[in-house]
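All remarks here apply to the structure that follows.
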Amino acid sequence: MNAEQFNALIKTVKIGKLVGNARYLHISAFSEITPELKDFIVLIANALKIPQDDWNIIKLHTQQYRLSYLNYPHFYQDSYPALQQSIAAGFRIHACEGYDPESKGKVEAGVKN
């Protein structure tokens, strides 16, 4: 998934709590988001070896290509639960440049998301 796709999917999320440039979503609400976004969130958690028991809130950054996995163990019990753990995953877009002797200048060889 590239940054444009991520941002487009984030804009479709209308549930959760919007604070500043981020939307907070409890895992129990995952049935209300697109399967592509849910799969991406789970894929990144698995790639970073973040067990499902270690997060229950996802922070979707609306201005960055970034996710944060938050763990509020007493989310349902406390009015203002304490954050136990936060793991952020940010993504960059890398462009590869090369030199084309035919055009005698730089050319973009490809883009990796």
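Let me check I've understood the local charge: for ALA29, count other residues with C-beta under 12 angstrom from its C-beta, Lys and Arg +1, Asp and Glu -1. What total comes out? Around ALA29, the surrounding residues sum to +3. Computed over neighbours whose Cβ is under 14 Å from that of TYR72, the net charge equals -1, Lys and Arg +1, Asp and Glu -1. Place a label point 7 angstrom from the Cα of ALA29 along the Cα-to-Cβ direction, then list the residues of the range 59-80 whose backbone nitrogen is under 19 Å away. 59-64, 66-80, by backbone N distance to the label point.
Spacing of the modelled spin labels on MET1 and PHE40, each 7 Å from Cα toward Cβ, amounts to 0.4 nm.
Laboratory data are not the source of any read-out in this text; all were calculated from the coordinates shown. Computed from a prediction, not measured in an experiment: that's the story for all the values here. Using ideal geometry, Cβ is built from the backbone for each residue, glycine included, and neighbour counts are taken over all protein chains shown.
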